[in-house]
Each structure stands twice: as structure tokens, then as C-alpha cells.
Amino acid sequence: MPDLRTTAQRLEDVTAQASYWKGKLRIIEKQMSKLEKETKVGNERLTIERDRLELGQIQLQATVVELMAANARLFFQCKNVVLRIKDYLNSKHYQDREQQGNVPGEQNPGNRN
């Protein structure tokens, strides 16, 4: 027959161990709860950051489109300026030739004096 004193001592030991592990479990549960809260806050921050980056990307795309349109406008403005300069130079060249008596289409170009 087992000794009641030994059995009682074992029961006390098991109860103490259960209490110890129950305390450890509470500590772990508190740590998990804290980590869950930190994770939730971290996820919210990441969501906010992602939304901010997406908005920035949309704004960048709009800026790229605006820059492309401005580039096209500048290209055509430059083209028009170049054409006007070319017309001016052609006109100036023609005037210079007229003054020298070398008008295109004349049979005997040269000085008319």
C-alpha cells in the first residue's frame, strides 16, 4: 500500500508545478497580447504608408503625363521658332542677293550699275 504521506507530497509537488506553469502561461499570454497589439499597430502603420505611397505613385504618374505634354508643347514651339528663323534667313538671303543684283531667275546676274 502506498504511503499517504508520499502521495500527499507528490500531490503538493504537482500542484506547485501546475501553479508555476500557470504563472508562466499568464506571462506568455501577456507577452502574446502585447505582441498582437504591436503587430496590429505595425500593420496599421504599414497600411497607411502603403496608401501614402500609392497616392504618391498616382501623383508621379500624373506628373509624368504633365511633363510629356509640356515636352510636346516645347517641341512644337521650338519647331515653330526654327521655321520662323529659317524663313527669316531665307528672306534675308534673298534681300542680300537682290541688293547685289543676283536675283534668282535673271539671265545675267551681276551688278546692275
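Every number in this text was worked out from the coordinates using simple rules, so none of it is lab data. Because the structure is predicted, anything quoted here is derived from the model rather than measured. FYI the Cβ positions are ideal-geometry reconstructions off the backbone, even for glycines, and counts take in every protein chain you see.
Annotations for the structure displayed:
- Remark: the E29-V14 segment gains 3.2 nm on full extension, using 0.36 nm per residue and subtracting the alpha carbon distance.
- Lysine pair count for the chain [Cα-Cα under 19 Å; pairs on different chains or 8 or more apart]: 4
- Distance cut-off 26 Å, percentage of C-alpha pairs in the chain lying past it: 71 percent
- The trypsin sites (Lys or Arg not before Pro) of the stretch 1-85 include none that DSSP puts in a loop with a beta carbon having at most 16 other beta carbons within 10 Å.
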